[in-house]
Amino acid sequence: MIYKRSSELFVAAQKVIPGGVNSPVRAFKSVGGDPVFVKEAKGAYLYDEDGRRLIDYIASWGPMILGHAHKPVVDAVIEKAQKGTSFGMPTEIETKIAELAISMVPGIDKIRFVNSGTEACMSAVRLARGFSGREKIIKFAGCYHGHSDSFLIQAGSGAVTFGSPNSPGVTAGTAKDTLLADYNNLDNVKELFEANSGEIAAIIIEPVAGNMGCILPAEGFLQGLRELCDAHGALLIFDEVMTGFRLAKGGVQELMDVRADIVTFGKVIGGGLPVGAFAARTEIMSHLAPEGPVYQAGTLSGNPLAMAAGLAMLTELNNSDVFESLAKKTEYLHKGIDKALTDSGVTFTINRIGSMISVHFAEGAVTDFKSAAVGDNDTFKKFFHGLLEEGIYIAPSAYESWFLNDAVSYEDLDETIAAVAKVGKTL
Ligand SMILES: *Cc1c(COP(=O)(O)O)cnc(C)c1O
């Protein structure tokens with residue numbers, strides 16, 4: 001058994017940590033087997049506790065876009081750590097990273113740093129409600145905005161008008177303020193606006209979805225949301241926790257030339273440390289405490305370690321053609337996987353944009369949660385474990401995208417494509 005030590009560590013972890021993990025998807029529930037414990041990572045590679053090297057395609061679910069232990073980021077963190085890791089007082093570096101982020105992203109004047117993408121989205125919604133004086137929000141089935149109560153909502157039975165909790169502990173009271181629509185379905189959104197006239201504070205969306213596989217917005221969809229929001233006096237929130245600083249310097253706003261009112265960030269913006277952020281034009285951000293009445297705070301928010309990592313990361317991204325390089329590598333991978341799986345005769349669909357790509361074992365286009373959900377999970381399980389055996393680590397869930405990092409070389413990609421061809425024959 002190649003994962004002896006990982007399995008032992010998992011047994012120990014389960015005694016003291018619920019399910020043995022600090023975030024559920026790590027536990028391999030949807031693919032079966034025990035999770036792989038990581039010892040260290042460098043560049044494109046993870047080194048696990050059983051001494052194996054894995055080519056990494058999750059990049060810590062996004063942040064490690066330049067590869068693991070990227071020197072400028074590590075150096076920045078070490079230098080800062082020696083000078084104190086948290087003060088609960090303002091520091092100059094917070095302004096520096098704010099200035100840089102604002103210069104890279106269109107349409108934002110001010111930014112507030114928090115500690116996770118969850119916090120960023122939760123706070124963005126509060127700000128939108130405070131700004132608009134309205135309470136309801138629209139979210140899309142299959143989009144993930146973190147684990148705060150308002151987002152753990154599923155479509156209510158038969159009712160298009162409001163959602164119901166999809167986790168115990170979320171109250172019916174909270175659920176009634178979150179309306180559910182289908183991704184890429186503008187008519188759905190229109191109906192919700194009409195049925196809840198004057199009550200909708202905001203639409204929140206992953207402008208490219210990365211949490212049900214990688215799903216692209218259909219032509220005109222984001223622009224249509226922009227127009228509906230304008231027509232109904234609601235704010236458009238782009239959750240760019242995944243896509244921000246990954247698909248382009250300015251995220252999907254830049255890439256697809258549609259402007260949101262509030263944008264949330266996480267993952268890449270922290271360079272691998274716990275950072276989230278939300279940003280908007282001055283008119284909106286001035287509603288936030290201490291300038292305005294909408295409360296939001298954080299003891300460790302903007303702490304020097306996180307800011308140093310984030311600033312080093314954004315500085316690197318701002319001065320490079322990494323997005324182009326990543327898009328080319330991902331296209332190369334796409335072509336290789338496409339051929340390998342076609343040769344194997346298995347039914348599949350691949351979605352891709354920039355450095356995000358997902359393989360769905362489904363027939364036909366995958367454009368929303370429903371079409372993502374028809375994918376064959378048994379085939380995915382075999383695919384996942386087969387690749388793992390070949391030293392390729394993809395996300396342990398059929399609902400996840402692959403996130404490329406730029407340390408992955410063309411040799412690594414060839415090795416991956418060869419592994420897919422080999423595993424494909426067993427599917
Ligand atoms: C990861 C993610 C979040 C949540 O961020 P955390 O840092 O895990 O709290 C929110 N939105 C999107 C789009 C994400 O991908």
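The values are calculated or read from the model by the stated rules, or taken from the named source; none is laboratory data. All of these numbers come straight from a predicted model, not from anything done at the bench. We place every Cβ from the backbone using ideal geometry, glycine too, and count neighbours over all the protein chains shown.
Go through the residues of segment 233-245 one by one and say whether even a single one is away from the ligand (no atom under 16 Å from the Cβ) and either among the aliphatic types (A, V, I, L, M) or outside the structural domain of G146 (by TED's automatic domain parsing) (or both). Checked against the condition, which is being away from the ligand (no atom under 16 Å from the Cβ) and either among the aliphatic types (A, V, I, L, M) or outside the structural domain of G146 (by TED's automatic domain parsing) (or both), segment 233-245 yields at least one hit.
Matching residues to (1) in contact (Cβ under 8 Å) with a residue 60 or more places away in the chain; (2) surrounded by 23 or more Cβ atoms within 10 Å (Cβ to Cβ); (3) farther than 21 Å from W61 by Cβ:
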site	(1), (2), (3)
E194	no, no, yes
A202	yes, yes, yes
A209	yes, yes, no
C214	yes, yes, no
T264	yes, yes, no
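Among the residues in segment 282-303, are any part of a helix (DSSP H, G or I) and closer than 21 Å to G88 by Cα? Write out each step before concluding.
Going residue by residue through segment 282-303, those that are part of a helix (DSSP H, G or I) are 282-285.
Those still in the list that are closer than 21 Å to G88 by Cα too: none.
Looking through segment 282-303, none of the residues is part of a helix (DSSP H, G or I) and closer than 21 Å to G88 by Cα.
Listed here are the helices (runs of 4 or more DSSP H) enclosed by segment 144-237 that have at least 2 residues being within 21 Å of the chain's Cα centre (by Cα) and at pLDDT 95 or above: 221-232.
Let's see how each residue does on (1) without any contact (Cβ under 8 Å) to a residue 40 or more places away in the chain; (2) within 16 Å of the ligand (Cβ to nearest atom); (3) surrounded by fewer than 20 Cβ atoms within 10 Å (Cβ to Cβ); (4) within 25 Å of G224 (Cα to Cα):
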site	(1), (2), (3), (4)
S123	no, yes, no, yes
R126	no, yes, yes, yes
H147	yes, yes, yes, no
Q154	yes, no, yes, yes
S164	yes, no, yes, no
S167	yes, yes, yes, no
D177	no, no, no, yes
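Could we say that T282 is touching a Gly at 6+ places or on another chain (Cβ under 9 Å) and polar (S, T, N, Q) here? Outline the logic, then answer.
Values: touching a Gly at 6+ places or on another chain (Cβ under 9 Å): no; polar (S, T, N, Q): yes.
No; evaluated as a whole, the condition is false for this residue.
A residue that is within 16 Å of the ligand (Cβ to nearest atom), crowded, with 21+ Cβ neighbours inside 10 Å and not small (G, A, S) cannot be found anywhere in segment 89-104.
Please pick out the residue among F131, F113 that is within 15 Å of the ligand (Cβ to nearest atom) and buried (at least 21 other Cβ atoms within 10 Å of the Cβ).
Details: F131 fails: within 15 Å of the ligand (Cβ to nearest atom).
After applying the criteria, what remains is F113.
So, in segment 397-427, exactly how many residues are modelled with pLDDT of 95 or more, surrounded by 18 or more Cβ atoms within 10 Å (Cβ to Cβ) and part of a loop (DSSP other than H, G, I, E, B)? Please lay out each step first, then the result.
Filtering segment 397-427 for residues modelled with pLDDT of 95 or more gives 401-426.
With the extra rule that they be surrounded by 18 or more Cβ atoms within 10 Å (Cβ to Cβ), the set shrinks to 401-408, 412-413, 416-417, 419-420, 423-424.
The next check asks that each one be part of a loop (DSSP other than H, G, I, E, B); those that pass are 401, 404-408.
Counting residues in segment 397-427 that are modelled with pLDDT of 95 or more, surrounded by 18 or more Cβ atoms within 10 Å (Cβ to Cβ) and part of a loop (DSSP other than H, G, I, E, B) gives 6.
Count of segment 250-280 residues, restricted to those that are more than 9 Å from the ligand (Cβ to nearest atom) and more than 21 Å from P217 (Cα to Cα), is 9.
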